[in-house]
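Student: Dropping the structure in here first, questions after.
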Amino acid sequence: MTTPTSPPEEYFAEIYTRARQILLESDNSGEHIFALDCIARTAEEGHPDSCFIMAQSYGAGSIVEKNEEKAAQYYQRAAEGGHLEAAVILGVLYQDGQGIEKSPQQAMYWWHKAAEQGYPKALFMLGYAYSSGSCTEKDDVKATLFFHCAAELGHTTAQRYYAQALDHGTGIEPNPAKAATWYRKAAEAGEEIAQYNLGTLYEEGRGVKQNDKKAAAWFRKAAEKEFLPALHNLGIFYLLGRGVKQDTQKGEELLIKAASKGYIRAQYALGSMYLKGTHLERAPHHAVFALRHAALNNHTAAQCKLAYCYKNGIGTEQDYYAAAFWYKKAAEGGHPEAQFNLGIAYECGYGVEPNMQDALILYSVAAEQGHPGAQYNLALCYHYGRGVEANMQEALKYYRLAADGGDVAAMFNLAVCSKEGIGMEKNAEEGIRLYTAAAELGYVKAQVNLASCYEQGDGVSTDLEKAKYWYQQAANQGDGYAIQALAQLCN
């Protein structure tokens, strides 16, 4: 008796081809079921493409009832038969434990298996695994190597990832010019994040010659795909007239679109501009609305500005408790301006129980971050013993820090200390210098004291013209003493 032989591979391939054609071209559900039945038979014989189609059908629940376990089984059989796309998907299923027991090692095995045959998607998945530390130990050098290999084979997303590595120096020496080249490859293929990133390079002039028109053009391409950062940036460009003809309405519309879709930077930008009336017409109620959305998304600067609105009754009813609440949120997020203002709230009892110790802690934290106002308030506490033992040396330390940061009140107090020898040797010359610096920045007390010094020749040569000038500057701001002194000098 002759032993039956298995049908040749060509037989299964022909059945698969005809059945797949029916699936693609026919709208008849009965024909679909027949075609899938034919593919199922060839899949049982181990035909890789047929196994892949069955896996897709069970995974999607099309024609047959959705069954993740059967989908995984068919992907396994297809991958074992050399189907590269099935190997990549099987790796993802092992990574996520979807329809199969979770196994990072098996995920890496199948991606490596397909990558060894030069399959770009597998190379990308290996790069992503090493980049994110999923399925294997994080290794930026290996990640960048795999991204580069996939990018060279035309994998668009890998081109963008490789560009980002070059842009930020992740796993490779930074090279913005090369980054621009790879961003462009992905951008020209329609990858919206690459389009946005390339636009950013042109905006900043990194790796390419600075060019607002090209930046705007790439932002527009990404914005057309509803990429929210691009909508935001293009909106800003229209408001400022950068690379495009200035169009306030268009800019506002783009920012609103991005903000309404939950993009926090756009919410904050709108809130800030509506609050100050910069680039957009001042609209306090709209400002509070936009800032609240960003604040609820934990944007600390938005929380701080929303607190400011509640504290001062701008765009909403004045509410010290709400102000303290949002200042606290922003302060917990490390925002120095919020820490400073929450310190004031605790010192003065605005919306919270007065607590000088909490105020001191907040002033100190903000001062360490270089906040001049907090440094000045901390100096006052040490100077006058508010909540802490008086310590003139600590007071002078923080006066100096605040003055260096541009705080005019600190300049003035430090000037008084220098000129009068409070906590230090008298230094009239330094005192005059600090009075002058504060006076030039519009600080009325400094203008009056400087004028008095010039009038009386105190620490400086008498100069009545300069005395009149500085009294006049203070008088222009409504200072009563300066008005009287100026009148006496002029009579």
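The values are calculated or read from the model by the stated rules, or taken from the named source; none is laboratory data. Everything numeric in this text was worked out from a predicted model, so none of it was measured. Because the Cβ atoms are built from the backbone with ideal geometry, glycine has one as well, and the counts that use them run over all protein chains shown. For the accessible areas, the whole protein counts, side chains as well, though only heavy atoms, and no ligand, DNA or RNA atoms are used. Shrake-Rupley method; radii C 1.70, N 1.55, O 1.52, S 1.80 Å.
Student: Before rounding to the nearest 500, sum -39500 (n - 2.57) across all DSSP H runs of length at least 4 in the chain and divide by the residue total; then give [θ] at 222 nm in deg cm²/dmol.
Tutor: The per-residue figure over the chain is -23000 deg cm²/dmol.
Student: Probe of 1.4 angstrom, ligands and nucleic acids ignored: what's the accessible area per residue over region 68-130, in square angstrom?
Tutor: Per residue, region 68-130 has an accessible area of 45 Å².
Student: Rounded, prolate or oblate, given the Cα gyration tensor of region 389-457, with a/c below 1.5 counting as rounded? Please list the in-between numbers first.
Tutor: Numbers: a/c = 2.34, a/b = 1.37, b/c = 1.71.
Since a/c reaches 1.5 but b/c is at least a/b, the shape of region 389-457 is classed as oblate.
Student: Of Tyr75, Asn413, Pro372, which is farthest on the positive side of the dipole of the chain, counting Cα position, with +1 on Lys and Arg Cβ, -1 on Asp and Glu Cβ, and the Cα centre as origin?
Tutor: Projecting each Cα onto the dipole axis, the largest value belongs to Asn413.
Student: Using the Cα centre as the reference, give the magnitude of the dipole from point charges on the C-beta atoms of the chain (Lys, Arg: +1; Asp, Glu: -1; all else neutral), rounded to the nearest 20 debye.
Tutor: Value, rounded to 20: 1100 debye.
Student: To continue, here is another question. Which of rounded, prolate, oblate describes region 95-152, given a ≥ b ≥ c as roots of the alpha-carbon gyration tensor eigenvalues and a/c under 1.5 marking rounded, otherwise prolate only if a/b is larger than b/c?
Tutor: oblate
Student: Once both axes come from the Cα atoms, what is the angle between helix 356-368 and the longest principal axis of the chain, in degrees from 0 to 90, rounded to 10?
Tutor: Helix 356-368 sits at roughly 70 degrees to that axis.
Student: Can you give me the accessible area per residue for region 336-453, using a 1.4 Å probe, in Å²?
Tutor: 44 Å²
Student: Another question, if that's okay. Just grab the label-to-label distance for Asp463 and Leu296, each label 7 Å out from Cα along the Cβ direction, in nm (one decimal).
Tutor: Those two pseudo-labels are separated by 5.9 nm.
Student: Quote the charge dipole size of region 373-485 about the Cα centre in Debye, to the nearest 20; the model charges only the Cβ of Lys and Arg (+1) and of Asp and Glu (-1).
Tutor: In total the dipole reaches around 160 debye.
Student: Return the distance in nm (one decimal) between the two label points of a simple spin-label model at Gln318 and Val92, each offset 7 Å from Cα along Cα→Cβ.
Tutor: Calculated label separation equals 5.8 nm.
Student: Report the net charge of residues surrounding Glu191, where surrounding means a beta-carbon distance below 11 angstrom and charges are Lys +1, Arg +1, Asp -1, Glu -1.
Tutor: Values: positive: Arg160, Arg184, Lys185, Lys221, Lys225; negative: Glu188, Glu192.
Result for the local shell: +3.
Student: Using 7 Å Cα-to-Cβ label points, what is the Lys225/Ala487 separation (nm, one decimal)?
Tutor: If labels sit at Lys225 and Ala487, their model points lie 7.2 nm apart.
Student: Show Tyr128, Tyr310 ordered by accessible area, largest first, where the area counts protein heavy atoms only and the probe is 1.4 Å.
Tutor: Result, largest first: Tyr128, Tyr310.
Student: Looking at the square roots a ≥ b ≥ c of the eigenvalues of the Cα gyration tensor of region 38-114, which shape do they give, rounded for a/c under 1.5, prolate if a/b is larger than b/c, or oblate?
Tutor: On the way: a/c = 2.50, a/b = 1.34, b/c = 1.86.
Oblate.
Student: Mind checking which of Thr156, Tyr321, Thr462 is farthest towards the positive end of the chain's charge dipole, using Cβ charges of +1 (Lys, Arg) and -1 (Asp, Glu) about the Cα centre?
Tutor: Value: Thr462.
Student: Follow-up. Rounded to the nearest percent, how much of the accessible area of the chain (1.4 Å probe, protein heavy atoms only) is carbon and sulfur?
Tutor: 49 percent
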